[in-house]
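Shown next, in structure tokens, is the structure this report addresses.
The values are calculated or read from the model by the stated rules, or taken from the named source; none is laboratory data. Owing to the predicted nature of the structure, the values given are computational and were not obtained by experimental measurement. Cβ coordinates were reconstructed from backbone atoms using ideal geometry, including for glycine residues, and neighbour counts include every protein chain displayed.
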Amino acid sequence: MTDEITPLGSIQVSPKAISSIAYHAALQSYGVVGLTSKNIVDGLAQVLVKDPTYGVDVDYDGENLNIDLYVIVEYGTRIKAVAASVSNTVRYNVEKALGMPVHEVNVHVQGLRISNFD
Amino acid sequence: MSSDPQILIQQELFQQKPIDGQVLKKLIEASLTWLRTNQELVNSLNVFPVPDGDTGTNMVLTMQAAYDEVANSPEKNFGKMVHSVANGALMGARGNSGVILSQLWRGIARALDSQEVLDAPSLARALAYGRDTAYKGVVRPVEGTILTVAKDAAKTAELALDETDSVIKMLELVVDAADESVKRTPDLLPVLKDAGVVDSGGMGLYYILEGMLRHINGLPLDTSLSVVKPLAAMNLDTTLELIEPGQDFEVVIDFRPNDGLDFNIFYDDLEQIGTSIQLGEGDGFYRLHIHVPTEKLYEPIEYTRKIGVVTKAAIENLLAQLEAMGRGNDESDLPLVTVEPGQIAVVAVAPGIGIARVFASLGVAAIVSGGQTMNPSTQEIIQAFEDLPTDKIIILPNNKNIVMAAKAAAELTVKNVAVVPSKTVPQGLSAMLRLIPEGEFNSIVEEMNQALDEVETGEITYATRDVEIDGVKVQEDQIIALLNGKLVLAAPTIEKACLGLLEKAHADHFEIITLFSGADVTAKEVIRIADSIRSAYPEQEIEVQEGNQPHYHFIIAIE
């Protein structure tokens, strides 16, 4: 998909590779306690799965690179600020690793994890 | 405890009263003040070029929200008060560091549920709960951040329980531990080491804790103490603006002192030599920046050679640099207003330097350059206001093609942004006159929206192709006049276009006509056209401003 032609051949980066970068960046973002399946029918929202593309959708239409993240956020945080922060972190890390601009990072907050009640 | 007798007296005074909710209020206020005093320093510690990066500002806004929540509360119970603080911090959390800070407060509040007053064991418990709650918020905690500093502070408090039951003593130890912990952050996080900085969020937390201690010790909170900055935080570009007469050369010296550096003596000595002194520290050496007059050109080098080994020295002639950048329409010398936290700030898009100046004189906080054929990106608009120390932002796009980008910018930020959809420069100026920076945000936005319709906008430009719109036939390159965005006439000269436009606008029913001259109209022509408008409209007040906008010979405000 995201390919670049060099005199020595082409470079292709698969969506799965990009997903991994986004996945790790998302899990390092403060307030995000897990990623989850986007489709609730797929099963219960599982937190902390090992598949490094779980909860990340990468879409490249030949022009724009769009990333969708399906996250679980810690209860008690300001969700808007957490979402803005995860979006920035993922964009920064993907752009840094890939050297190409990310068009959109959409953050879908699928649930909250309640560690302790106030 | 401290050995300074003055401080001991202050601490004695503090200990005479129980630490209740009202004392907490004072402590929070002290934290906020001290953090704000050092806000710029914390901001300068950024390493990631992401818009989320204004750590100092974010933490100040979060603490401000926490303080606002309790500022007028008469609550005496410490536990109840700290719950209010946590609630305020949660509601006002900005950015990553703000969210973490709010989680710390949330944990602290949980630990002290209905505690009447604060004592040493409860302080230790509070810091431990704060740490635990903060760590729960992330799957893979990154060490070398505010989290690490919170952890080290909590651990120190727990250990201190064995040797003291004094809150002040414990806080002193905690502040020291936080300081040490901040200094260690580059060892834990390579990206900090590469950038030559310590972690900004950790530094912010340190100031919050230190602010409380300074309050207890009766020390001033509104003067920054930092004389040594991390290397990456030295912003030498901005020092050019601070050049004083007689300071002709800029000298930058890297040196390793033979023994430790006594900053007071060092600064005293250097102040004899020059101005704009900055000292940066990095990896065992110091970098000195200073402006000196010609006759003292070599003195800084000789001075540093006396106290250590000079590894590098660079001298630049400032006069030559000033001449190079002095004239010309440099946007950096726009007289933009400085926004105080909590005020409303306006960002205006301006198509030319002259128009930017007019907006600046009316109190705009940031200018984005752009217009008809050079629309600024959403990112450029966001950048213009992200750094402002307030979250109440109004954008004036001043062009119908930029309204969309401005609205997109408003959606992409956590700040509270309203777009007042001014489609022309005169509309933007008209709206600007309604700005009251301290006013209530929504009502000011409404006022500005209403002001948009109170001005008629005329634009004189040229046609880029043959066209017929609204019954007006135009050939390529012909002069045309637009009234409120609609083509009203074509004319052989700029002068005729102006007069024709004013007639269509019924300018004789209005009071003031302001002309903004474009970049491609000569001063002589502007005077001639203004004179002929004056004789055609003797009743009206005619003003001429240099707009410097491209493509438009004139932009005309009729009000």
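At least 2 residues being surrounded by fewer than 22 Cβ atoms within 10 Å (Cβ to Cβ) and more than 12 Å from every other protein chain (Cβ to nearest Cβ) is the threshold, and among the helices (runs of 4 or more DSSP H) wholly inside region B:88-204 those reaching it are B:120-136, B:146-160, B:167-188, B:190-195. Of the listed requirements (1) surrounded by 24 or more Cβ atoms within 10 Å (Cβ to Cβ); (2) within 14 Å of chain A (Cβ to nearest Cβ); (3) hydrophobic (A, V, I, L, M, F, W, C), residue B:60 misses just one: (2).
Results for (1) modelled with pLDDT of 85 or more; (2) aromatic (Phe, Trp, Tyr); (3) within 19 Å of residue B:176 (Cα to Cα), shown as yes or no for each residue.
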{"residue": "B:187", "(1), (2), (3)": "yes, no, yes"}
{"residue": "B:195", "(1), (2), (3)": "no, no, no"}
{"residue": "B:203", "(1), (2), (3)": "yes, no, yes"}
{"residue": "B:213", "(1), (2), (3)": "yes, no, yes"}
{"residue": "B:218", "(1), (2), (3)": "yes, no, yes"}
{"residue": "B:227", "(1), (2), (3)": "no, no, yes"}
{"residue": "B:232", "(1), (2), (3)": "no, no, no"}
{"residue": "B:236", "(1), (2), (3)": "no, no, no"}
{"residue": "B:247", "(1), (2), (3)": "no, no, no"}
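Of the listed requirements (1) under 16 Å from residue B:379 (Cβ atoms); (2) over 13 Å from the mean Cα position of the chain (by Cα); (3) within 7 Å of chain B (Cβ to nearest Cβ); (4) not aliphatic (A, V, I, L, M), residue A:92 misses just one: (2).
Mind checking whether some residue in region A:62-74 is surrounded by fewer than 22 Cβ atoms within 10 Å (Cβ to Cβ) and within 9 Å of chain B (Cβ to nearest Cβ)? There is no residue in region A:62-74 that is surrounded by fewer than 22 Cβ atoms within 10 Å (Cβ to Cβ) and within 9 Å of chain B (Cβ to nearest Cβ).
In the set (1) modelled with pLDDT of 85 or more; (2) in a strand (DSSP E or B); (3) in contact with an Asp or Glu (Cβ under 8 Å, 6 or more places away or on another chain), residue B:286 fails one condition alone, (1). Return a yes/no flag: does region B:113-135 have any residue that is of a type in the set (Val, Ile, Thr), in contact with an Asp or Glu (Cβ under 9 Å, 6 or more places away or on another chain), in the same structural domain as residue B:31 (by TED's automatic domain parsing) and without any contact (Cβ under 8 Å) to a residue 24 or more places away in the chain. No, region B:113-135 has no match at all. Only one residue in B:443, B:430 is within 27 Å of the chain's Cα centre (by Cα), over 30 Å from residue B:42 (Cα atoms) and surrounded by fewer than 16 Cβ atoms within 10 Å (Cβ to Cβ), so which one is that? Only one candidate passes the filter, namely B:443. A single member of B:549, B:475, B:540 is out of contact with any His (no Cβ under 6 Å at 6 or more places or on another chain), surrounded by fewer than 15 Cβ atoms within 10 Å (Cβ to Cβ) and touching a residue at least 12 places away in the same chain (Cβ under 8 Å), and it is B:475. Here residue B:80 fulfils each of the conditions (1) within 14 Å of chain A (Cβ to nearest Cβ); (2) within 16 Å of residue B:31 (Cβ to Cβ); (3) surrounded by fewer than 22 Cβ atoms within 10 Å (Cβ to Cβ) apart from (2). Considered as a group, the residues in region B:495-525 that are aliphatic (A, V, I, L, M) and surrounded by fewer than 21 Cβ atoms within 10 Å (Cβ to Cβ) include one that is farthest from the chain's Cα centre (by Cα), and that residue is B:499. Checked against the criteria, residue B:299 does not count as touching a Lys or Arg at 6+ places or on another chain (Cβ under 8 Å) and charged (D, E, K, R).
Does residue B:36 satisfy being away from chain A (no Cβ under 14 Å), under 20 Å from residue B:199 (Cβ atoms) and part of a helix (DSSP H, G or I)? So residue B:36 fits the description; yes. Among (1) within 25 Å of residue B:548 (Cβ to Cβ); (2) at pLDDT below 90; (3) not assigned by TED's automatic domain parsing to the domain that holds residue B:356; (4) not polar (S, T, N, Q), there is one condition residue B:433 misses while meeting the rest; what is its number? It is condition (3) that residue B:433 fails.
Is it fair to say residue A:82 is buried (at least 16 other Cβ atoms within 10 Å of the Cβ), within 9 Å of chain B (Cβ to nearest Cβ) and either at negative phi or free of Cβ contacts under 8 Å to residues at least 24 places away in the same chain (or both)? Against the criterion (buried (at least 16 other Cβ atoms within 10 Å of the Cβ), within 9 Å of chain B (Cβ to nearest Cβ) and either at negative phi or free of Cβ contacts under 8 Å to residues at least 24 places away in the same chain (or both)), residue A:82 qualifies.
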